[in-house]
Amino acid sequence: RKTGKRAHLVVNKTDGQDPDIAASDFYGLGFESTYLIAASHNRGIRSMLEELLPSEEEREAQDRADRYPGIRIGIVGRPNVGKSTLVNRMLGEDRVIVYDMPGTTRDSVYIPFERMDNQYTLIDTAGVRRRKNVSEVVEKFSIIKTLQAIDDAHVVILVIDAREGLVDQDLHLIGFVLDAGRSLVIAVNKWDGMDPDDRAKVKEQVQRRLDFLDYADKHYISALHGSGVGVMYDSVHACYESAMAKWPTNRLTAILQDATAQHQPPLVQGRRIKLRYAHQGGSNPPVIVVHGNQTDALPGAYKRYLENTFRKVLKVNGSPIRFEFRSSENPFANKVSRLTPRQKVKQDNDLKKGRPVRKKARMKSKKR
Ligand SMILES: Nc1nc2c(ncn2[C@@H]2O[C@H](COP(=O)(O)OP(=O)(O)OP(=O)(O)O)[C@@H](O)[C@H]2O)c(=O)[nH]1
Ligand SMILES: [Mg+2]
């Protein structure tokens, strides 16, 4: 821990152990990830490797991360809303082409730069238009590039044209950003020279229709004149910190236990749903993995309660939080051992040769 190296905890010889007890002891140590395995039984090994070794996608993402240092800010929005103007304004120089015609930017442009001793990479993207109007190959290409830019970003600034108000296409784009799990800042642009009535109308509309995004900061700006642009960096930093935050297991578990003590999970068929401990499963977006029993039956309202509680206590701003609920049934003890050694050999052979396996046996083998 002192060296700051990434470390994973692997707990061996877990066969025949009560996983709840074994796991909660070890998760309490606060490692980034903990794997329960039984090496001599070849159990838990494959899933451990799958999680530990980066996938091809992760490697590519890592390559881009190495190439584009600092906080990566994706600027996205419909055509002609002022994305490139905003990029130039944030850079403090005219770097990308601005023109009063939709479709000016055709491909994403990655621009690394420094500002007040902070490293950033701004990503200007092609405007995304309504899908049914997308026929040209070039446009399909630019949508793919925009989606990739969203993936590459730590923080996405979604630009809206105040003169046109919030339209469905803006909501589609917000959907893409949320699906990617990226943190989000809303910039309502072209705020200059609008009369007070129109401003009030747009503000009301943004607040009402983006009510579900209450965690995202909204800025009313003029990319052309620069008003409101500088303070967006504060939101960007808040988003970045939330998206990349690391929380120790004991802290997350304490929050979970407080939350369940305040407000118990419901009973399901006479048994209370139990939530025992929580640990972090990833960043950008932050993933919180909650372990317990019967978590499949956890109602949406209770999940929202948990999310709100974690968001408040951990002060997560601008970023979504993903939750994964796992029922920590013993991954191995589960009746697998009830197969006699001979049955086990037969089952393995069946699996290898692709023969149909008795349903029961197949279920068990999956659990490994
Ligand atoms: N009044 C006003 N005009 C703006 C503002 N920001 C951008 N514009 C104008 O809007 C037009 C489009 O600006 P761009 O920055 O090229 O828009 P874009 O979103 O990059 O457009 P595409 O690359 O085609 O998707 C230009 O004529 C800009 O001068 C603003 O804050 N106020
Ligand atoms: Mg542009």
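The values are calculated or read from the model by the stated rules, or taken from the named source; none is laboratory data. If you're wondering where the values come from, they're calculated on a predicted model, not measured in any experiment. Reconstructed Cβ throughout: ideal geometry from the backbone, glycine too, with neighbour counts over all protein chains shown. Please note that ligands, DNA and RNA were not included when accessible areas were found on the heavy atoms of the full protein model with its side chains. Shrake-Rupley method; radii C 1.70, N 1.55, O 1.52, S 1.80 Å.
Values computed for the structure shown
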quantity: Only listed residue being assigned to a helix (DSSP H, G or I) and more than 13 Å from ligand 1 (Cβ to nearest atom), chosen from 147, 173; calculated: 147
quantity: Residues that are within 13 Å of ligand 2 (Cβ to nearest atom), open to solvent by 20 Å² or more (accessible area, probe 1.4 Å) and at pLDDT 90 or above, drawn from the stretch 75-107; calculated: 78, 79, 80, 85, 89
quantity: Cβ pairs under 6 Å, 6+ apart, first in the stretch 160-186 and modelled with pLDDT of 95 or more, second more than 15 Å from ligand 1 (Cβ to nearest atom) and among the hydroxyl-bearing types (Ser, Thr, Tyr); calculated: 183/319; 185/235
quantity: Subset of the stretch 52-86 [under 12 Å from residue 105 (Cβ atoms) and away from ligand 1 (no atom under 15 Å from the Cβ)]; calculated: none
quantity: Residues satisfying the stated conditions in the stretch 88-133, i.e. assigned to a strand (DSSP E or B), more than 23 Å from residue 166 (Cβ to Cβ) and within 14 Å of ligand 1 (Cβ to nearest atom); calculated: 109, 111, 122
quantity: Members of the stretch 135-155 found to be farther than 19 Å from residue 182 by Cα and at pLDDT 75 or above, listed by number; calculated: 141, 142
quantity: Single match in 36, 49, 29 (criterion: in contact with a Phe, Trp or Tyr (Cβ under 9 Å, 6 or more places away or on another chain), more than 16 Å from ligand 1 (Cβ to nearest atom) and more than 25 Å from residue 140 (Cβ to Cβ)); calculated: 36
quantity: Every residue from the stretch 77-92 that is within 24 Å of residue 172 (Cβ to Cβ) and not polar (S, T, N, Q); calculated: 77, 78, 79, 81, 82, 83, 86, 87
quantity: Subset tally (residues that are loosely packed, with under 13 Cβ neighbours inside 10 Å and among the small types (Gly, Ala, Ser)) for the stretch 256-287; calculated: 2
quantity: Matching residues in the stretch 176-198 - criterion: being open to solvent by less than 40 Å² (accessible area, probe 1.4 Å) and within 23 Å of residue 245 (Cβ to Cβ); calculated: 177, 180, 181, 182, 183, 184, 185, 186
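Residue-wise test of (1) touching a Lys or Arg at 6+ places or on another chain (Cβ under 9 Å); (2) on the phi > 0 side of the Ramachandran plot; (3) assigned to a loop (DSSP other than H, G, I, E, B).
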{"position": "47", "(1), (2), (3)": "yes, no, no"}
{"position": "50", "(1), (2), (3)": "no, no, no"}
{"position": "54", "(1), (2), (3)": "no, no, yes"}
{"position": "59", "(1), (2), (3)": "no, no, no"}
{"position": "66", "(1), (2), (3)": "no, no, no"}
{"position": "69", "(1), (2), (3)": "no, no, yes"}
{"position": "74", "(1), (2), (3)": "yes, no, no"}
{"position": "86", "(1), (2), (3)": "no, no, no"}
